[in-house]
Amino acid sequence: MDERAMGEFAAFAGRIADAARTVTMAAAAAPPRAENKAGEGAFDPVTEADRGAEQAMRALIEARWPDHGIAGEEFGVTRGDARLVWSLDPIDGTRAFICGLPGWTTLIALIEDGAPALGLIDAPRLDERYIGVGAAATLRRDGGTGVLATSDCRTLTEARLATTDPYLFEGVEAEAFGRLRGAAGLTRYGFDAYAYARLAAGSVDLVAESGLKPHDWAALVPLIRAAGGVVGNWRGEADFADGQILAAATPELFEAAVGMLA
């Protein structure tokens, strides 16, 4: 896709992020009520703000690009066989959202022929918007725009590692992450997709997670790569079908982390 077209799509991604913000920020003013969509024995919260934000984004896409596909967390897939598909996660970090914490985000990606080509992470409560397309990664904050770049961290002993929850992993995955955590310089928890945004900004060096679905990771991939980082699975491959995601600031750090996880 040419640069002009991608610029137009990046601007449009900002428009649908604004539409989602209108819904989520209004709901964030008071602790929203959550339903459990996981069923008995598990907890996967969803709020009316999740649904309303996705509906607002879908409406704009349908009006502007009726031939594009849409794959959203809350309302599934429409025209999934289209060459261009918008991936939407209206609130990534709903647990943080219902607790009144500020780190939840909205994730938007444009998928071209099955591969993420544009990624946007919006953090409404922090008024931060991270956008990655091609080789350009930017952060909009406080009314200005800055260029993003990952850190130069190359060794695990110096790495700032993040994951959403230490209890995200079980069995061999828990053992593998334990090795990685033991080798890293420090580990922080609880940031959901915001950790990947900060990796692109250079303040986190390494993120490892498991169990992610396409709407969870599609926006992360173009952003991190545009900022100069590396993202793949725990085996060092570019296949995310099993939901394992490993993102690193540098190729050397990525390879070192793969060695620990494998």
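The values are calculated or read from the model by the stated rules, or taken from the named source; none is laboratory data. Note that the structure is a prediction, hence the values are computed from the model and not measured. Ideal geometry is used to build each Cβ from the backbone, glycine not excepted, and the neighbour counts take in all protein chains shown.
Conditions (1) over 25 Å from ARG4 (Cα atoms); (2) of a type in the set (A, V, I, L, M, F, W, C); (3) without any contact (Cβ under 8 Å) to a residue 12 or more places away in the chain, marked per residue:
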site	(1), (2), (3)
GLY143	no, no, yes
ASP165	yes, no, no
VAL172	yes, yes, yes
GLY190	yes, no, no
LYS213	yes, no, no
TRP234	yes, yes, no
ALA238	yes, yes, yes
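Number of residues in segment 68-119 that are under 15 Å from MET57 (Cβ atoms), assigned to a loop (DSSP other than H, G, I, E, B) and within 17 Å of the chain's Cα centre (by Cα): the value is 2. When VAL231, VAL221 are checked against the criterion of being in a helix (DSSP H, G or I), within 14 Å of the chain's Cα centre (by Cα), outside the structural domain of GLY132 (by TED's automatic domain parsing) and surrounded by 21 or more Cβ atoms within 10 Å (Cβ to Cβ), a single residue qualifies: VAL221. Condition first: surrounded by fewer than 16 Cβ atoms within 10 Å (Cβ to Cβ), among the aliphatic types (A, V, I, L, M) and more than 24 Å from VAL23 (Cβ to Cβ). Now tell me which residues in segment 97-135 satisfy that. Matches in segment 97-135: ALA115, ALA135.
Going residue by residue through segment 149-171, is there one that turns out to be touching a Phe, Trp or Tyr at 6+ places or on another chain (Cβ under 9 Å) and farther than 25 Å from ASP44 by Cα? Checked against the condition, which is being touching a Phe, Trp or Tyr at 6+ places or on another chain (Cβ under 9 Å) and farther than 25 Å from ASP44 by Cα, segment 149-171 yields no hits at all. Criterion applied to GLY114, GLY143, GLY132 was being at positive phi and modelled with pLDDT of 95 or more, and the one residue passing it is GLY114. Restricting segment 35-50 to residues that are part of a helix (DSSP H, G or I) and crowded, with 18+ Cβ neighbours inside 10 Å leaves a set whose member that is nearest to the chain's Cα centre (by Cα) is ASP50.
For segment 34-55, the tally of residues that are among the acidic types (Asp, Glu) and at pLDDT below 90 stands at 3.
Checking each residue in segment 1-34 for being within 16 Å of GLN55 (Cβ to Cβ) and not in a helix (DSSP H, G or I) picks out only PRO32. Quick one: would you say ALA247 is outside any strand (DSSP E or B) and either hydroxyl-bearing (Ser, Thr, Tyr) or not assigned by TED's automatic domain parsing to the domain that holds ALA71 (or both)? No; evaluated as a whole, the condition is false for this residue. In segment 184-207, is there at least one residue being assigned by TED's automatic domain parsing to the domain that holds VAL231, farther than 14 Å from ARG160 by Cα and among the β-branched types (Val, Ile, Thr)? Taking every residue of segment 184-207 in turn, none turns out to be assigned by TED's automatic domain parsing to the domain that holds VAL231, farther than 14 Å from ARG160 by Cα and among the β-branched types (Val, Ile, Thr). Of everything in segment 51-85 that is more than 21 Å from ALA5 (Cα to Cα) and charged (D, E, K, R), the residue that is surrounded by the most Cβ atoms within 10 Å (Cβ to Cβ) is GLU54.
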